[in-house]
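To keep things clear, I will list the structure first and then write my remarks on it.
Every number here is computed from the coordinates shown, using simple stated rules; none is lab data. Small disclaimer: the values here were computed from a predicted structure and weren't measured. Counting neighbours? That spans all protein chains shown, and the Cβs are built from the backbone with ideal geometry, glycine included.
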Amino acid sequence: MCHYKAQQFKNMTKLVIFDLDGTLTNNKKEITEYTLQTLMEAQEKGVKIVLASGRPTYGIAPIAEKLELKKYGGYILSYNGGEIINWQTGEMMYENVLQDEILPYLYQCSKENNFAIVTYKDKYVITEHPQDEYVLKEAILNVMETLKVDNFLEYIDFPVPKCLIVGEPTRLAELEKQMYDVLKDKMGVYRSEPYFLELVPKGIDKAQSLSVLLDKIGATREEMIAIGEGFNDKSMIEFAGLGVAMANAQDVVKQAADYITLSNEEDGVADVVRKFMLSLDN
């Protein structure tokens with residue numbers, strides 16, 4: 001990337017958007033002091049941060065607090081874009097939820113295949129199987145508690161932005177194919193990890209939700225930098241004025257990017273922010 005483009009983005013960037021796991025955080029799921037310091041410097045200069053993740057909102061909140069998004073006016077884009085929240089005001093700027101009539105089919109698929117199904121409310125991962133090893137992985141990842149319910153369907157009396165079916169990867173891959181064939185025109189069905197099958201409303205996509213956010217705050221895609229490594233980051237990397245892939249990104253994501261930064265173990269996010277937002281010397 002040439003010096004000119006670095007200067008161009010330093011002068012015009014209003015937003016930096018990044019994924020969390022594998023992007024902002026290292027392999028210990030931590031933000032390094034160097035990356036934290038870099039992001040605080042950027043916010044002091046007026047840059048707005050958007051945390052864009054497949055995690056539920058509660059699972060993103062600790063990182064939002066660490067980055068002081070309430071003070072600086074940042075945003076959370078949770079459930080892969082299913083919700084957009086102004087973290088400073090608490091305003092729900094956008095919400096997309098699953099249709100009530102589709103939930104029984106999702107539940108049936110999990111039961112027939114002896115998989116656990118979960119959803120989220122406040123600080124809880126709601127499930128009939130709180131001791132399932134993959135349910136516990138999801139709870140630990142998001143720093144949430146499990147809540148055991150006797151009947152998943154009967155318990156849900158609130159809008160559901162996402163369900164997750166979890167289980168042994170080989171069998172889960174087979175179920176993914178079956179459910180995709182049935183649901184492909186009605187909702188999103190894909191695995192975010194070999195053992196996590198994401199079930200989200202149709203059209204949920206980070207780029208689509210970022211378009212909504214930009215419209216609401218009066219910014220343009222040319223004024224944003226997007227950084228990620230997973231397949232679900234590809235759309236926002238293509239959408240952004242400057243799309244950045246981590247060195248540890250999937251190949252298809254790297255191919256979509258304008259720039260490839262260092263890995264999440266090497267402060268790749270900080271590298272981008274310093275190169276394109278805080279310095280004209282690189």
Restricting things to alpha carbons, tell me how big segment 82-177 is in terms of Rg and Dmax, in Å. 14.1, 43
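Based only on other Cβ atoms within 10 Å, what is the fewest-to-most ordering of M92, M40, M144, M236?
Working: M92 11, M40 15, M144 21, M236 30.
Fewest to most other Cβ atoms nearby, the residues stand as M92, M40, M144, M236.
So which helices of the chain fit the span-like rule, where a helix is a whole DSSP H run, its Cα atoms reach 18 Å or more along the axis, and its mean Kyte-Doolittle is at least 1.6?
Values: long enough: 169-183 (20 Å, -0.45).
Membrane-span-like by this criterion, though nothing is claimed about a membrane: none.
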What list of whole percents do you get for P(r) of the chain, with Cα-Cα distances grouped in 5 Å bins up to the one holding the largest distance? 1, 6, 13, 17, 19, 16, 12, 8, 5, 2, 1, 0, 0
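Cut-off is 10 Å between beta-carbons; in what order do I217, I126 appear when sorted fewest neighbours first? Don't skip to the end; give the middle numbers.
Values: I217 15, I126 23.
Listed from fewest to most nearby Cβ atoms, that is I217, I126.
Quick check on the exposure proxy: order C163, C109 from fewest to most C-beta atoms within 10 angstrom. Intermediate values should be presented prior to the final figure.
On the way: C163 23, C109 20.
Sorted ascending by nearby Cβ count, the order is C109, C163.
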